[in-house]
2 protein chains.
Amino acid sequence: MAANTISLSLSSNLAASKTLNSLQTRGLIPPPTIFFPLGSAKSQPGNLSLSSRFRVRASASQLINEPVNSMTSPTVVHVDLGNRSYPIYIGAGLLDQSQLLQRHVHGKRVLVVTNERVAPLYLDRTIDALTRGNPNVTVETVILPDGEKFKDMDTLMKVFDKAIESRLDRKCTFVALGGGVIGDMCGYAAASYLRGVNFIQIPTTVMAQVDSSVGGKTGINHRLGKNMIGAFYQPQCVLVDTDTLNTLPDREMASGLAEVIKYGLIRDAEFFEWQEKNIEALLARDPAALAYAIKRSCENKADVVSQDEKESGLRATLNLGHTFGHAIETGFGYGEWLHGEAVAAGTVMAVDMSYRLGWIDESIVERVDNILKRAKLPTTPPESMTVSMFKSIMAVDKKVADGLLRLILLKGPLGNCVFTGDYDREALDATLQAFSKS
Amino acid sequence: MAANTISLSLSSNLAASKTLNSLQTRGLIPPPTIFFPLGSAKSQPGNLSLSSRFRVRASASQLINEPVNSMTSPTVVHVDLGNRSYPIYIGAGLLDQSQLLQRHVHGKRVLVVTNERVAPLYLDRTIDALTRGNPNVTVETVILPDGEKFKDMDTLMKVFDKAIESRLDRKCTFVALGGGVIGDMCGYAAASYLRGVNFIQIPTTVMAQVDSSVGGKTGINHRLGKNMIGAFYQPQCVLVDTDTLNTLPDREMASGLAEVIKYGLIRDAEFFEWQEKNIEALLARDPAALAYAIKRSCENKADVVSQDEKESGLRATLNLGHTFGHAIETGFGYGEWLHGEAVAAGTVMAVDMSYRLGWIDESIVERVDNILKRAKLPTTPPESMTVSMFKSIMAVDKKVADGLLRLILLKGPLGNCVFTGDYDREALDATLQAFSKS
C-alpha cells in the first residue's frame, strides 16, 4: 500500500475488526421506538457496555433537569469534540419542547436565519420555542431566497447586514432553520460575525439532519466550485424534529437518503442491510424508521468527526460519491439536481470504479444500484456531463493534494472503504467514459 | 466593583504586583543590539530567569538548524498558543534570509497577497526568498488596491478568485505582504479558503508589525462597522524585516507608534518611559530602536493573547482608544484618517474620561498628550465628529455586551487599566462633549 493511501478497511486487523463488530452490535440494539428491529439485536444486550469505548453516546432516556411532561423524550446523540462538544436531539415534536432550545441560547438576542420556503411552515413555532416563558429574549429574523444557487457571498451578506443593522453583539445566538444550504450559510455567518458567535441548528431536511448537523462544516459556494469558502465551526446544539419532514417534498426526501445509504456503504454494513429492508418505510416517512435512520447516521458521522475534525484523512471517507457528485452539481449548474441526487449518481460511479479496480464483488455493485433505484435516486449523471467536464471540475476538488486527486472508493466486504490517490488512472478513465456520452 | 467589571489593575494584589514587577524587569533587560538601554537593566541579569514564568519567550541567539552565515540573527518572539503557537522573527534584512520563510511554507504552492504600493517595493524579493534554492515551490500573486477602504468583501473575493483559478489546494500557503489591511484580509482569506489553509505574515508597516502580527485577528470591514466579519486565525510565522520601514511614509510611521504607546499605557510603564526618551529616534527609523520597540510591543501583546486568545476579557485591554477611534474612522470615512491617527485621538479621549472619573492623575493626561504630539499624532477628533455620531457608532462596537458599552480606561498608576462597563455615564458624555463641536 502506497504512502498516500490511508487504509480504512476496518477488518484489516484484529483490533479494527473488534471495532467493527462492536459498532455493529451497538447499532443493532434498537431504542424503544425503533421500527423493524433486526431479530439478532435483543439477544446481545450485554454488549451495550461496549459503547463506552466510543466517544459517541446515544440515549433515549429522560434528559437530566427535564421537567416531566407528556411529550416524547428525545433521542440524544452526543458529538464529542472536547470543549466544542454538543448534543443532537432527535424526535417527533421537539419544536414544541421549548426548554430544549432555550438551555442552549446564549445572551438575550437571537437571529433566526431561514428561507422563503421554510419560514411560512416553521418560523412562528421556532420563535415561540425560543421565547415562550422567556420574555428577556428577543428574536430577529432574516429570510433568504431558497436554493443552492443562493448559497453565495451576496446572500451571505444579507445575514451580516441584518445582524449589524440589528446591532447584535458577541453574546447573541444565530439559529439556522432550514436545510443544508441554510445550515451551511448560517454556520459560516456565525463563525465570521464578530469573529464568532453562538450557533444552533434546526435542520428541516433529511439531508441536513444526517449530514450538516454533525461536524461543523460551514461555508458557501464560489462560481468555480462548491463550498470553497467556509469554516469549521461547531453549534451549541442541533434539534432534529422529525415532524418537519412531513412537509418535505419527495425528491428532497430521497436526496437525503443518499447520505444515509452512504454511511452503510463506507462503515456500517448492518445499517445498509437494515436500509435494504426499510427503504420504503423511510420514503413513507414512518416516524420511528426516520428517527432510527437519523440517529444511526448521526452516530456514524459523529464517530468519524470526533476522530478527525479537520478532515486530515478518516473524515474524507464521508465524501463517498461526492467528488463525482460535486462535478455533476458544478457542471450541470447548482440547483438543477439536488445534492443527494448528484451524490447518488456519484456513488454509483465510485462503486463502478472500485469494481473495475477489482476491489469489490459485483454483488455490491448490484445492491447499491438496487437500493438507490428503490429510493428513486438517479444512478447515472445527466447526459450533458462529458469526460472533460468531469476531469476539469474534479481537478479543483478540495481532496486534491499537491496535484493528486484522491478518491473514496469501496474496498473489501460491504462496509469498508479507502481514501486514496493510489489507484490505476485507467480505471478512473474507464468509469468516466462509461458514464458520459462524450 | 460591579460584576461586569474585569479588573486589570495589576497592582491590586500581591501576586499581580509580582507579575508586574517581573514583567517590567524582563522588559528592562535589553537584547545585544538594543538602542539606548536603561541604566538599571544590566544590574539585574539574574532576573532573566523569571521570564520562564511567562509563555512569551524572546531570544536573539542563533536559531537552531540555521546555517552559519554573515547575516544578522533575528530576534525571535514566540507566541505560545498550544498547537497554534508560532514565532515572530524581527531584524534588519530578514527578507534576504530565505531559509527563515521556507521552513514555514507547507506544500508546493504559495499565494502572495499584497497591494499596489508594496508590490513594486518588495514583491520580487519576497518571491525570491520563497523560491531561492527551492525550485519545487511555485508562487502566485494577487495585487489588491491599497487602503482601508478596500478592506471589504468585494476585494476579498479577488483573493478567492485567484486561489481557485490557480487551483490551489489545502496544502498551499497564503503569504500576506503589506500592512494591516493586507494582513487582515489575507488572514481571513486563509482562514476561509477551503475552510483553512496555511498562512504567513510579512508585515511592512509598524502598525502591522506591532499589532496584527500577534494574535490572529483577521477580517474585513462592513459599511456599518470595522472588522465586523472575520476569524481568529493564527499564522505559521511572522517575518518582520525592519528595513521595510525605510520606505514607509512618515504619517504611517507615526500611526504605528500610536499602538506602541498604547502598550506602555495599559501594562508596561517602563516601556512608556523608554518611549518618552526615544520617540524621536523611532520617528527617525533608528534600526535598533525600532527592533526594540517592535520586540517589546510583540512581547506585550503575545503575553496578553496567550492568556486570552478569544478576547473574553484581558485581551480587550489592547483596544485602549479603539472604541473612540473606530467611531472616528467609521464616522469620518474609512481611509481619511489612518488607524493609528484615530487611535491616538481615541486614546486622548479615553485618558480624558479616566481623569474625569478620578481614576488617574493629571500628570498622566499631560504625558499622553505630550508623547502623542511629539509623535506627530492627532490628539483631538476631526471637527466633523458630533456627540451623536460617536454615540450611534459606538453602540455597534464589538465590546458592547447585552446592550452595555464596555470601555478600556486607565486606572491607577501609569501602566494600569480596566475593561469595564461600570462607569459614570456622565463622564462619557462630558468627554464626548469636550471633544466634539456639537
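The values are calculated or read from the model by the stated rules, or taken from the named source; none is laboratory data. All values derive from a computational prediction rather than experimental measurement. Because the Cβ atoms are built from the backbone with ideal geometry, glycine has one as well, and the counts that use them run over all protein chains shown.
Side notes on the structure shown:
- Being under 21 Å from B:VAL181 (Cβ atoms) and crowded, with 17+ Cβ neighbours inside 10 Å is a property that B:ALA119 has.
- Any hit, region B:193-213, residues being buried (at least 21 other Cβ atoms within 10 Å of the Cβ), modelled with pLDDT of 95 or more, more than 24 Å from B:LEU101 (Cα to Cα) and of a type outside the set (Ser, Thr, Tyr): no
- Given (1) within 19 Å of the chain's Cα centre (by Cα); (2) under 20 Å from A:ARG356 (Cα atoms); (3) β-branched (Val, Ile, Thr), index of the condition A:THR420 fails: (1)
- Any chance A:GLU329 is among the charged types (D, E, K, R), in contact with a Pro (Cβ under 8 Å, 6 or more places away or on another chain) and surrounded by 22 or more Cβ atoms within 10 Å (Cβ to Cβ): no
- Of all residues in region B:412-425, those satisfying the criterion of being crowded, with 19+ Cβ neighbours inside 10 Å and touching a strand residue (DSSP E or B) at 6+ places or on another chain (Cβ under 8 Å) are B:ASN416, B:CYS417, B:VAL418, B:PHE419, B:THR420, B:TYR423.
- Extreme residue, farthest from B:THR347 (Cα to Cα), among residues of region B:271-288 that are crowded, with 21+ Cβ neighbours inside 10 Å and of a type outside the set (Phe, Trp, Tyr): B:LEU282
- If you go through region A:130-173 and keep only what is in a loop (DSSP other than H, G, I, E, B), within 14 Å of chain B (Cβ to nearest Cβ) and in contact with an Asp or Glu (Cβ under 8 Å, 6 or more places away or on another chain), you end up with A:SER166, A:LEU168, A:ASP169, A:LYS171.
- Condition check for B:GLU383: charged (D, E, K, R), more than 14 Å from chain A (Cβ to nearest Cβ) and within 26 Å of B:THR205 (Cβ to Cβ): no
- Evaluating B:GLY219 against the criteria (1) under 24 Å from B:PHE324 (Cβ atoms); (2) more than 9 Å from chain A (Cβ to nearest Cβ); (3) in contact with a strand residue (DSSP E or B) (Cβ under 6 Å, 6 or more places away or on another chain) leaves one unmet condition, (2).
- Residue match in region B:234-243 (condition: away from chain A (no Cβ under 14 Å), within 25 Å of B:PRO74 (Cα to Cα), assigned to a strand (DSSP E or B) and of a type in the set (D, E, K, R)): yes
- Residue list for region B:186-212, restricted to those being in a helix (DSSP H, G or I), over 21 Å from B:TYR89 (Cα atoms) and not small (Gly, Ala, Ser): B:TYR188
- Positions within region A:98-151 being under 22 Å from A:PRO74 (Cα atoms) and among the acidic types (Asp, Glu), in sequence order: A:ASP124, A:ASP128
- Restricted to region B:230-243, and to residues there that are among the hydrophobic types (A, V, I, L, M, F, W, C) and surrounded by fewer than 24 Cβ atoms within 10 Å (Cβ to Cβ), the residue that is farthest from B:LYS151 (Cα to Cα) is B:CYS237.
- Taking the conditions (1) modelled with pLDDT of 95 or more; (2) of a type outside the set (Val, Ile, Thr); (3) surrounded by 15 or more Cβ atoms within 10 Å (Cβ to Cβ) in turn, A:LYS398 satisfies each one other than (1).
- Selection from region B:312-332 of residues that are in contact (Cβ under 8 Å) with a residue 40 or more places away in the chain and either part of a loop (DSSP other than H, G, I, E, B) or at positive phi (or both): B:GLY313, B:LEU320, B:GLY321
- In this structure, B:SER354 does not qualify as assigned to a helix (DSSP H, G or I) and under 21 Å from the mean Cα position of the chain (by Cα).
- Of the residues contained in region A:293-308, one or more are found to be among the hydroxyl-bearing types (Ser, Thr, Tyr), assigned by the TED database to the domain that holds A:VAL387 and surrounded by fewer than 24 Cβ atoms within 10 Å (Cβ to Cβ).
- Being within 21 Å of B:GLU148 (Cα to Cα), more than 14 Å from every other protein chain (Cβ to nearest Cβ), small (Gly, Ala, Ser) and in contact with a His (Cβ under 7 Å, 6 or more places away or on another chain) is a property that B:GLY346 has.
- The residues in region A:81-106 that are within 14 Å of chain B (Cβ to nearest Cβ) and surrounded by fewer than 18 Cβ atoms within 10 Å (Cβ to Cβ) can be counted, and the count is 4.
A quick yes/no check of all residues on (1) basic (Lys, Arg); (2) at pLDDT 95 or above:
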site: B:ILE294; (1), (2): no, yes
site: B:ASN300; (1), (2): no, yes
site: B:ASP303; (1), (2): no, no
site: B:GLU311; (1), (2): no, no
site: B:GLY335; (1), (2): no, no
site: B:VAL351; (1), (2): no, yes
site: B:ASP361; (1), (2): no, yes
site: B:ILE364; (1), (2): no, yes
site: B:LYS376; (1), (2): yes, yes
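- Annotation: of all residues in region B:244-270 being over 21 Å from B:LEU414 (Cβ atoms) and within 14 Å of the chain's Cα centre (by Cα), the one that is surrounded by the most Cβ atoms within 10 Å (Cβ to Cβ) is B:GLY256.
- From the options A:ALA293, A:ALA289, residue that is under 15 Å from the mean Cα position of the chain (by Cα) and over 30 Å from A:ILE393 (Cα atoms): A:ALA293
- Failed criterion for B:TRP274 (all others in (1) outside any strand (DSSP E or B); (2) in contact with a Leu (Cβ under 6 Å, 6 or more places away or on another chain) hold): (2)
- Matching entry among B:ALA191, B:ALA176 (being closer than 29 Å to A:ALA190 by Cβ and within 14 Å of chain A (Cβ to nearest Cβ)): B:ALA191
- In region B:368-393, the qualifying residues are those that are hydrophobic (A, V, I, L, M, F, W, C) and not in a loop (DSSP other than H, G, I, E, B), and the one that is surrounded by the fewest Cβ atoms within 10 Å (Cβ to Cβ) is B:VAL387.
- Meets criteria (of a type in the set (Phe, Trp, Tyr), at pLDDT 95 or above, touching a Phe, Trp or Tyr at 6+ places or on another chain (Cβ under 8 Å) and more than 25 Å from A:GLY93 (Cβ to Cβ)) for A:TYR263: yes
- Flag for B:GLN201 being within 15 Å of the chain's Cα centre (by Cα), more than 14 Å from every other protein chain (Cβ to nearest Cβ) and either on the phi > 0 side of the Ramachandran plot or without any contact (Cβ under 8 Å) to a residue 40 or more places away in the chain (or both): yes
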